[in-house]
Each structure stands twice: as structure tokens, then as C-alpha cells.
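The values are calculated or read from the model by the stated rules, or taken from the named source; none is laboratory data. Here the structure is a predicted model, which means the values were calculated and not measured. Here the Cβ positions follow ideal geometry from the backbone for every residue, glycine too, while neighbour counts run over all protein chains shown. Please note that ligands, DNA and RNA were not included when accessible areas were found on the heavy atoms of the full protein model with its side chains. Shrake-Rupley method; radii C 1.70, N 1.55, O 1.52, S 1.80 Å.
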Amino acid sequence: MILSTSTLFTHQNFDLSTGVTLPELQLAYETWGTLNEDGSNAILMCHGYTNHPHAGGDANGWAHNLVGPGKAIDTDKYFVVCSNMIGSAFGSSGPSSVNPETGKPYGPDFPKYSTIDMIRAQHLLIDHLGCAQLKAVIGYSYGGHLTFLWGATYPDRMRALVPIAGVIERKTTMEDIARIRGQFEDCTGWNGGHYYGHEDEPGGVREKMIEVRTGTLKRYGLGDYLKHSGEEPEAIERIVRANAQKWAHQFDANSLYILYEAGVGSKADASKIKAPLLNALANSDSVVDVKLGPPTVELLKGHGIDATFLEIDTPYGHTGPMLDAHKWENELRAFLERTP
């Protein structure tokens, strides 16, 4: 489903890196701020695995603590663009899109694609919007990996890179994909992934999605954040479940494993990166180990890259960089200002 705040970009006959042509590419995207006359003040933001293009604009934006007037990613200075990944479920081409050959959702038959296709699609979008050399590419989680990939694939297209809670190489395996998909195999109406129209049956996909999301939110640190904010255990459970239910009515079960599969074998070539890079990781992250930061930065420095590692001290795990944005916004602002 496309968010009410998003806009659609359409491109015909998008050739995928897997040799398949997508008849129509659609990317849902959002922007904040104003593009300057020479198109040089644009910042591209890349969202996380199960997230959406609504990065700012209000409290529902996943990076609203960082994006906005006067904030570290200052929309009074920068033109900020965030697009939904190919294969996701917030308006971009993906499993819930209609297959022109059948007139029904692609489901598990959505064409195979890769992370390179994700950033190639974003490249088309920023060209369409009139962006010249980007001020920066900034990404969180899966988007952090795409940030590294942007730097290696289009090294002259940006002046700064900020991967947040992301890795330079994804270690995803086909066993991971089978595990994610396998969660739904026993769901009522699953039908090999062609479950559309049956998701709300008892024991169906929707129930499983809520269960999966509840566990993910707790693992990512939302429960701890609510506890430290003074919420009682019952209220925490209620809030987490409400968040999970909302997401489960928006996301696509097929996207959960298709997005993962697109990242199998994905690695950014450090030797190709040119732009200064700030690698930010949370010291409590159970998804991306903070210990990966220093060797990644040393690898980049070995190739002559101006790279800096920033350890964010936060108890809120993978979501800590966003929930505790105030703890590192000054470092981010300073980094962007010194890479004009």
C-alpha cells in the first residue's frame, strides 16, 4: 500500500541485473525541503528492511529526530529524498503489484532482482527530480548497506556517505530466506505465497505477521525504550502490539523474504568508494555488532578514504540511533558541514 504522504515515480521497461525486464517500475518516494538552482543540495535517504519512505515531516517519520528544519539533516538547507525499495510494500514495485500477465498480484512470482537494482532505481529517481551531485547518501539498517553500495557503484555522485546501523557486506544466506518464508507455510490460505484475499482468515498470514513484527520490535529495542520512558509492562505490550498490527496491515509477507534474497552476496567494493564516510553504529545493537565498525573504517582508510567510526552509546539496540538521535546529531551535523 502506498502511504498518503508518498508520490509515485514510474519508469517503463526496467532491466533488472538478473536478466529480466520489469514492464513497469514504480517507486514510491517523499521529499522535504527545496532543491537549489544547481541541484547540489539533495540528500538521498535509504530506509530499513521493513520500513517505508516516510522518513520525516512529522512524528511518524522513521528519522524525524534527525530530519527537519534546524535538525542535523536540515530541510531548510537540504532537499531530502527517500524512496521505497523495490520489492517492499509501501507503493514501490513488489510482490503485491499486479502481474500484467495474470492480472493478479505477483506474490512469490515477482521477478528476481538485487540490491544493485534497488540503487539503480533510486538513481533514475534522483535524475528525474533534477538532483545533480548529491550532498550525501544516508541510510539506516538495510539502507546503511545500500549507502555503502551507492558509494562503491556511483563514487562521484555524492560528497558524503553516512551508513547507520548498516554493514558493508550482507551475510544473508538462502537458509535465511527459507527460514523467513517457512514461518508462513502453515498459515491458513498461504497457497505458496499467493495468499491475497485470504490474509485475515483465522490462523492466516495476518496473525503470523503480527506475531513476527511484535518479536522484531522487541528485539530492536522498542520495549526497552518504552520501559525507560516510564510505561508499565501492560502498556508496553499494548503499544508494541498496536504498532505490530498497524504494520501487519501494510506490509507484504512475500516482501519479507524477497527483500532478504535481493541482498544475498551483496558487498560494496571498498576500493571504489571516494566520498568521506561516517560509519555510525549503536553499542547495544543485537542486529549489527558494533565491533564491525572499526575494521570497516580501517578497510576504507586503507584505500585512502576519509572514513570515521562513530559509536553511539544507547540502550535501545538497533533502533537506538533514531530513538537517541540527540546523542549524535551534533556529530552528524558537523560531518555534513565539513563535506560541503
TODO: Could you please find all residues in the range 1-39 being over 20 Å from G263 (Cα atoms), of a type in the set (S, T, Y), in a loop (DSSP other than H, G, I, E, B) and open to solvent by 30 Å² or more (accessible area, probe 1.4 Å)?
DONE: S4, T5, T34
Task: Residue count, the range 278-303 (criterion: within 18 Å of I138 (Cα to Cα) and either without any contact (Cβ under 8 Å) to a residue 12 or more places away in the chain or not aliphatic (A, V, I, L, M) (or both)) - done: 3
TODO: Could you grab the pairs with beta carbons closer than 6 Å, sequence gap of 6+ or different chains, first residue in the range 190-219 and small (G, A, S), second one assigned to a helix (DSSP H, G or I)?
DONE: G193/G107; G193/P108; G193/N254
TODO: Take the range 176-196 and flag every residue that is assigned to a loop (DSSP other than H, G, I, E, B), open to solvent by less than 70 Å² (accessible area, probe 1.4 Å) and more than 21 Å from A262 (Cα to Cα).
DONE: C187, G189, W190, Y195, Y196
- [ ] All but one of (1) crowded, with 19+ Cβ neighbours inside 10 Å; (2) modelled with pLDDT under 95 hold for Y257, so report the exception by its number.
- [x] (2)
Open item on the list: Suppose we filter the range 48-62 for residues that are of a type outside the set (F, W, Y) and out of contact with any strand residue (DSSP E or B) (no Cβ under 7 Å at 6 or more places or on another chain); how many remain?
Closed with: 6
- [ ] Could you tell me which of the residues V80, V67, V137 is crowded, with 23+ Cβ neighbours inside 10 Å, farther than 29 Å from A178 by Cα, in contact with a helix residue (DSSP H, G or I) (Cβ under 6 Å, 6 or more places away or on another chain) and of a type in the set (A, V, I, L, M, F, W, C)?
- [x] V137
Open item on the list: Going residue by residue through the range 214-223, is there one that turns out to be open to solvent by 60 Å² or more (accessible area, probe 1.4 Å) and of a type in the set (D, E, K, R)?
Closed with: yes
- [ ] Within the range 257-276, identify whether any single residue is outside any helix (DSSP H, G or I) and polar (S, T, N, Q), and answer yes or no.
- [x] yes
Task: Complete set of residues in the range 88-128 that are of a type outside the set (S, T, N, Q), over 20 Å from G166 (Cα atoms) and open to solvent by 40 Å² or more (accessible area, probe 1.4 Å) - done: V98, P100, E101, G103, K104, P105, D109, K112, L124, D127, H128
Task: From the options P163, P155, residue that is in contact with a helix residue (DSSP H, G or I) (Cβ under 7 Å, 6 or more places away or on another chain), open to solvent by less than 40 Å² (accessible area, probe 1.4 Å) and either in a loop (DSSP other than H, G, I, E, B) or more than 24 Å from D285 (Cα to Cα) (or both) - done: P155
TODO: Check off (1) in a helix (DSSP H, G or I); (2) in contact with a helix residue (DSSP H, G or I) (Cβ under 7 Å, 6 or more places away or on another chain); (3) of a type in the set (V, I, T) for T172 and give me the number that stays unchecked.
DONE: (1)
Open item on the list: Looking at the range 230-244 only, could you name the residues that are out of contact with any Lys or Arg (no Cβ under 7 Å at 6 or more places or on another chain) and open to solvent by less than 70 Å² (accessible area, probe 1.4 Å)?
Closed with: G230, A235, I239, A242
Task: Qualifying positions in the range 1-34 - among the charged types (D, E, K, R) and within 21 Å of the chain's Cα centre (by Cα) - done: E30
- [ ] Return yes when E207 is within 16 Å of Q250 (Cβ to Cβ) and assigned to a helix (DSSP H, G or I) and no when it is not.
- [x] yes
